[in-house]
Amino acid sequence: MTDKNAEGGCPFNGAAAAPAAVAQPGDAEWHGAQMDFSKSMSYGDYLGLDRILNAQHPLSPNHNEMLFIVQHQTSELWMKLMLHEMHAVRANLQANDLAPAFKMLARVARIMDQLVHAWDVLATMTPSEYTAIRPYLGASSGFQSHQYREIEFILGNKNAALLNVHSTAPDAYALLDAALRTPSVYDEAVQLLARSGLAIAPERLHADWTLATAPDESVKQAWLAVYRAPEKHWALYELAEKLVDLETAFRYWRFRHVTTVERIIGFKTGTGGTAGVSYLRKMLDVVLFPELFELRTAL
Ligand code: HEM
């Protein structure tokens, strides 16, 4: 069927509209854009694209390995940004400077959301495709991601035993060792509750930072006071909801990881040596900010 309104003019009037100007090979300019970077920094220079785009080295002859590599590398880049933001959040909480902390916590939660959606791309990899790659992966696994482990630690899910994975990588080990010994973002939120006049047990304020966050009754009562009178404690209330947003996004990430893994490898063991899906399912039980979830039942 002829569409008289189609771009390019009416086919019945015999006079087609003039075609849009098309750039000719050899055109020396394009809309005033700078073309010569012999003396100035280009996009690729600024972003170090040479190094980033040449860091994909598939080991198998399989076409789909590129997806596997890019998916992990992009996740690591987003994790890098999350850590950058969360270190600043922690410093802001220490300084009672909540407005920038809120902004950054919102960003971290959105990054996590983005990583949740990224699983849709990886889910296009079939078990047959993964099976072709798996022999080439050796014992490498996301389990060894030191950035992921630091994210867990900075959110309070500490586990000293997992440092051993990095005993042959001194830089990563030192980073994780420091993260293990430093109060988490949530520990700083608890300190802030105390500085705001809410009663927190001294044992909680001077906890052993190398241990995972343990639920504490005084912290629960403090958050309950905040949620019972939000108008009186608005900043703490907003902080609590930002933390809940972040933990919720993190839970979605864990869930999408385990469901994608089950879809691809079923109940085979992981390349990192764990039982695979059953290990990842246990990780779904991790609660980062326990009192913030407990208070909802008590409210
Ligand atoms: C086909 C794709 C994937 C499969 C089959 C897979 C499988 C697994 C398995 C079985 C584990 C448990 C440890 C082990 O024994 O290896 C694990 C852990 C992990 N994976 Fe994946 N994974 C995949 C993709 C990804 C991607 C794209 C990321 C993003 C960085 C990722 C990050 C992690 C992390 C951080 C852990 C440690 C989790 C924890 O200890 O709580 N994985 N993966």
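Coordinate-derived values only; no laboratory data. Just so it is clear, the structure is predicted and the values come from calculations on it, not from any experiment. FYI the Cβ positions are ideal-geometry reconstructions off the backbone, even for glycines, and counts take in every protein chain you see.
Numbers for the structure displayed
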read-out	value
Over 21 Å between alpha carbons, listed pairs Lys103/Lys282; Lys80/Lys103; Lys103/Lys242	Lys103/Lys282
Mean Cα-pair separation over length for the chain, i.e. relative contact order, pairs under 8 Å, 6 or more apart, %	19 percent
Gaussian network model of the chain, Cα within-10 Å springs - most flexible of Gly156, Gly142, Gly44	Gly44
The chain: most fluctuating residue of Leu246, Leu211, Leu47 per GNM, C-alpha cutoff 10 Å	Leu47
Mean separation of Cα contacts under 8 Å, 6 or more apart, over the residue count of the range 62-113: relative contact order %	32 percent
For the range 197-299, diffusion coefficient by Stokes-Einstein and Kirkwood Rh (Cα), 25 °C, 0.890 mPa s, µm²/s	154 µm²/s
Of Ala229, Ala212, Ala88, the one that fluctuates the most in a GNM where the chain has Cα springs shorter than 10 Å	Ala229
Dipole magnitude of the chain about its Cα centre (Cβ charges: Lys, Arg +1; Asp, Glu -1), debye to nearest 20	620 debye
Furthest towards positive pole of dipole, Tyr237, Gly272, Gln221, structure part the range 217-299, Cβ charges	Gly272
For the range 56-167: relative contact order, % (alpha-carbon pairs under 8 angstrom, 6 or more apart)	33 percent
HN-Hα J in Hz across the range 89-101 - Karplus 6.51, -1.76, 1.60, θ = phi - 60°, x for Gly and Pro	4, 4, 5, 5, 5, 4, 8, 6, 9, 7, 4, x, 5
Gain upon complete extension [His87, Thr274; 0.36 nm per residue less C-alpha separation]	64.3 nm
Asn159-Ser38 FRET efficiency (beta carbon distance; Förster radius 41 Å; 0.05 resolution)	0.20
Helix-only mean residue ellipticity at 222 nm for the chain, each DSSP H run of n ≥ 4 adding -39500 (n - 2.57), per residue, nearest 500	-18500 deg cm²/dmol
At 1.002 mPa s and 20 °C, Stokes diffusion of the chain via Kirkwood alpha-carbon radius, µm² per second	93 µm²/s
Furthest towards positive pole of dipole, Asn54, Ile151, Trp209, structure part the chain, Cβ charges	Trp209
FRET efficiency estimate (nearest 0.05) - Cβ-Cβ, Leu299 to Ser196, R0 25 angstrom	0.85
Between the range 186-216 and the range 276-299, the Cα center-to-center distance that results, in Å	19 Å
Pairs of Cα atoms farther than 13 Å apart, the range 91-157, %	78 percent
Separation between Cα centres of the range 127-145 and the range 49-125, rounded to whole Å	20 Å
Per-residue Cβ neighbour rank within 10 angstrom, fewest leading, Arg296, Arg254	Arg296, Arg254
Three-way shape label, the range 29-184, alpha-carbon gyration tensor, a/c 1.5	oblate
Which of Glu294, Glu247 has the fewest Cβ neighbours within 10 Å, and the rest in rising order	Glu294, Glu247
Tilt relative to the chain, helix 217-228 - C-alpha long axis, 0 to 90 degrees, to 10	60 degrees
Spacing of the two label points (7 Å from each Cα toward its C-beta) at Thr210 and Trp30, in nm	5.7 nm
Neighbour-count ranking [beta-carbon atoms within 10 angstrom, fewest first] of Met86, Met104	Met104, Met86
Unit charges at the beta carbon, dipole of the range 89-200: most positive-side option, Leu162, Leu137, Thr182	Thr182
